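Computed from the coordinates by the stated procedures, all read-outs in this text should not be read as laboratory data. Source: prediction; values computed, not measured. Here the Cβ positions follow ideal geometry from the backbone for every residue, glycine too, while neighbour counts run over all protein chains shown.
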Amino acid sequence: MFFEIGGATAVKPFAEVALLLALAALLGLGVTRLRQPVLIAYLLLGLVVGPSGLALTEAHAQIDLLAQVGVAVLLFLVGLKLDVKAVREIGPVALAAGSAQMVLTVGAGLLLLALLGFGWLEAIYLAVALAFSSTIIIIKLLSDKRELDSLHGRVTVGILIVQDIAVVVAMMAMGSLRVGEGAPTWAVAADLGLKLLALVGFTWVTMRWVLPTLLPRLAESLELLLIFALGWGTGLAALGEWAGFSREVGAFLAGFTLASTPWRDAIASRLTSVRDFLLLFFFIDLGGKFDLALVNTMAWEAAVLSCFVLLGKPLVVMAIMGYMGFSKRTGALAGVSLAQISEFSILFVAMGVGVGHVGAETLGLTTLVGLITIAVSSYMILYSHVLYGKLARFLWVFERQVPFREAEEVGPGPAAPSAPEVVVLGAGRYGEAFAEALQQRGIEVLAVEFDPENARIAQRAGIPVQFGDAEAVDFLAELPLSSVRWVVSTLPSPEATETAVGGLRALGFTGGIAVVARSDEEEARLAAIPGVEVIHPLQQAATFAALDLAARIVSAKAHTGNG
């Protein structure tokens, strides 16, 4: 009887979930072909199958439950990656830049929202939501472009860490207002302070005595460790809601308590796929709840706020970084990377809906702004070097007369040759090895590098480095190109290489130009540049290794035959 009842009630939701998974895979394939994040596909799928679309699903309770668990796992992983050591190593630059970006963006957002006629509580939620940027999307796209370890990549990641901390603080502060509504400000502040003290005490006791005793025993079985992590994260999420904060804050705290343990990476690696699976349902649920009527009623507000995020946030970041002594290039590339709102922005406003501070239309507006900014900014990040090349001459206002920040981090190194024969653009791992091999053969080499860390490493290897931006024509004009026979570009992106080659041609450089391609796609693109030779390190390494091995085999056969 039990199986009959269970089967009768469970068949339809199971079939609906199976259908959603299949449709998500198909729609995701199309979206990724357009070089968009898959969460766009999930939101669109929710719109299509939800009440505003074709109304194909009725398993709203099941999808909502999976979505809530997905949010808890997401915040758990954020806390898990934010150990005390990482917080200490954020660095003063990223901390100052991240804090200033949050304050200025929220302030400008509040002013804009007031002009648009929003109420004060709605304006607070929306302004804070606009200040966050998507960690998942930025890390993925910068990693694909091999720019995660670049200077602007490291600064961007530092700002994202500050934002991750800020979003938890914001959730904690706004979530506590549900208890204090109608109470004096001092009472709300005192209530929040007591809760914070309780959270700090609970965290300290847990990290000091409970987990060090329990985890080594659980870690004997990776399956048990994973189950414990899920139970710990969702359990503290439920406890956080019961205590008057939110599930999100409780889940973050659960991850933070495990962040300094030796098993952090093992837990994170196994939960990442679980997070991605469950977040699919969060975005489907969000898309399903989106009212398409908002596209007409709030199109103006969505357009204005999207422009603020796509244009205003990069300008804020560039102004901050220019003031701090960074070059306009670093500021522009970091600013473009942050030009979208985050999945946490949607979570934050959704929490406001849950506690009754704002209405569903505010969440819908945030979702619409998220769809627009994430879609547009994905292309902005992918083609950031092209954008910078076209706008560089207008960005002088965001750079000090002497952008000292990068240059002072490099320090003195080997003296540059007065008449170099080869200039290597980019002193990263491949560029450094290339320049060093030329030096060993008595060739005068000068490396050009914009990232202070790469420049220092190359200098320690004895390579003369000229610090500067190889994509800037005015910088290239300062190089001693008259004696140079070859310029070799090992820059990390084809866009940067194309810009540098264009600058050399504009200066009338007549020597040879070689460019490095790291994939077949890049090789085909760079081969279309007139008058350049393409180096494919992976293919050439395989060819040379095969030739060497073949020569040894032939030699061994000949030796055996002679014997």
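The table below gives the values:
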| read-out | value |
| --- | --- |
| Protection proxy ranking, peptides 542-550, 148-156, average beta carbon neighbours within 10 Å, highest first | 148-156, 542-550 |
| Label zone at L95 (point 7 Å along Cα-to-Cβ), backbone N below 12 Å, region 290-324 | none |
| Region 187-264 and region 352-376: distance between their alpha carbon centers, rounded to Å | 29 |
| Calculated FRET value between Q62 and D191, using beta carbons and R₀ = 30 Å, to 0.05 | 0.25 |
| Gain on full stretching of the segment that runs from R460 to W120 - 0.36 nm per residue minus C-alpha separation | 116.8 nm |
| Degrees, to the nearest 10: 60-80 long Cα axis against longest axis of the chain | 50 |
| Extension reserve of the F202-I139 stretch, reckoned as 0.36 nm per residue once the Cα distance is removed | 19.5 nm |
| Packing rank of 198-208, 361-371, where each peptide gets the mean count of other beta carbons within 10 Å, highest leading | 361-371, 198-208 |
| Charge dipole magnitude, Cβ of K and R +1, D and E -1 - the chain, Cα centre, debye nearest 20 | 520 |
| Region 449-464 - phi-based ³J(HN,Hα) in whole Hz, Karplus 6.51/-1.76/1.60, Gly and Pro as x | 9, 9, 8, x, 5, 4, 4, 5, 4, 5, 5, 5, 7, x, 9, x |
| Kirkwood hydrodynamic radius over Cα pairs of region 187-340, then Stokes diffusion coefficient at 10 °C and 1.306 mPa s, in µm²/s | 81 |
| Protection-proxy order for peptides 474-486, 447-459, 57-69, each taking the mean of Cβ atoms within 10 Å per residue, highest first | 447-459, 57-69, 474-486 |
| Angle between the chain longest axis and helix 429-440 axis [Cα atoms, degrees, rounded to 10] | 20 |
| As computed over region 420-546, the Cα convex hull volume per residue (Å³) | 101 |
| Entries in K145/K195; K12/K140; K81/K313; K12/K81; K145/K313 that, when Cα-Cα distance is taken, lie over 32 Å | K145/K195; K12/K140; K12/K81 |
| Amide H within-cut-off set for A427, under 5 Å, with H built and near neighbours excluded | F450 |
| 15 Å beta-carbon shell around V376, net charge (K/R +1, D/E -1) | +2 |
| Sites Y383 and K12, calculated FRET efficiency, Cβ-Cβ separation with R0 41 Å, nearest 0.05 | 0.35 |
| Signed unit charges on C-beta, dipole axis of the chain, positive-most listed residue T543, G531, S269 | T543 |
| Between 0 and 90°, nearest 10: helix 537-562 axis offset from the chain longest Cα axis | 60 |
| Linear extension gain, A545 paired with R400, 0.36 nm per residue minus alpha-carbon span | 47.3 nm |
| Vicinal HN-Hα couplings computed from phi for region 202-207 (Karplus, 6.51 cos²θ - 1.76 cosθ + 1.60; Hz; Gly/Pro x) | 4, 4, 5, 5, 4, 6 |
| Centroid-to-centroid separation of region 498-543 and region 418-448 [C-alpha atoms, Å] | 16 |
| Projected label distance in nm at V169 and R429, using a 7 Å step from Cα toward the beta-carbon | 3.6 |
